[in-house]
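Note sheet for the following structure.
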Amino acid sequence: VSTSLRRSHSWRPGELLRAYLALTKPNIIWLLLITTVPAMVVAQGGWPSTWLVVATLIGGVLTAGGANSINQFADREIDSRMERTRRRPLPSGVMAPGHAAVFGVALAKLDIRQEAERHSSLLDAITSWLGLGHYTRWPEAQRQSWLLEQLASNRPLLSQRQCPDLAPEDQAVMD
């Protein structure tokens with residue numbers, strides 16, 4: 001699979017934009033969205049705050065779109081060999097693989113940063129409890145390295161029973 005962009009001067013203005021959109025797999029994301037709201041209503045026992053619903057849907061779109069983009073980056077070699085997937089942006093050469101990876105990470109990061117303070121507080125409590133130090137005091141490179149290590153692991157980071165002394169706001173994030 002070529003890692004360079006297709007050298008064509010016949011690109012229409014919206015082709016690259018459509019390629020970025022295709023990376024997110026919007027035809028799959030809508031399945032996430034239509035199941036999210038009913039689950040929120042059931043969990044709340046009624047209609048939750050509209051702001052919460054909107055923020056959750058936006059976050060879901062960003063995270064799922066980011067994950068789908070990263071998945072297409074990871075599967076680009078396989079996609080180039082399958083009839084059904086060879087016209088996707090990476091195997092077709094419309095987009096360079098590095099652009100797709102950066103796009104996917106950026107989308108996921110947008111959602112994670114929405115509640116960065118709450119998530120950082122919980123991660124700080126967890127790393128402190130595990131005796132690893134304070135997550136919030138680590139340099140960004142150490143945070144990213146540790147998070148990637150945890151994501152690559154087959155085991156859960158910890159169960160709620162393992163870390164029972166969480167502050168109420170950290171427990172809310174954990175739940």
Quiz item: In terms of the Cα gyration tensor, with a ≥ b ≥ c the square roots of its eigenvalues, is segment 16-156 rounded because a/c is under 1.5, prolate because a/b exceeds b/c, or oblate?
Solution: oblate
Exercise. Report, largest value first, the span of the C-alpha coordinates of segment 75-154 along each principal axis, in whole Å.
Key: 50, 26, 18
Quiz prompt | Accessible area per residue, Å², segment 44-87 with all protein chains present, probe 1.4 Å | solution = 62
Quiz prompt | Gained length - Ser145 relative to Glu77, 0.36 nm times residue gap less alpha-carbon distance | solution = 21.9 nm
Quiz prompt | For Leu130, distant residues with modelled amide H under 5 Å away | solution = none
Exercise. Please list 42-55, 79-92, 132-145 highest first by mean number of surrounding beta-carbon atoms within 10 Å per residue.
Key: 79-92, 132-145, 42-55
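The values are calculated or read from the model by the stated rules, or taken from the named source; none is laboratory data. Remember, it's a predicted structure, so these values are computed and weren't measured experimentally. Quick reminder, even Gly has a Cβ in these numbers, built from the backbone with ideal geometry, and neighbours come from all protein chains shown. Note: areas computed on protein heavy atoms with side chains; ligands, DNA, RNA excluded. Shrake-Rupley method; radii C 1.70, N 1.55, O 1.52, S 1.80 Å.
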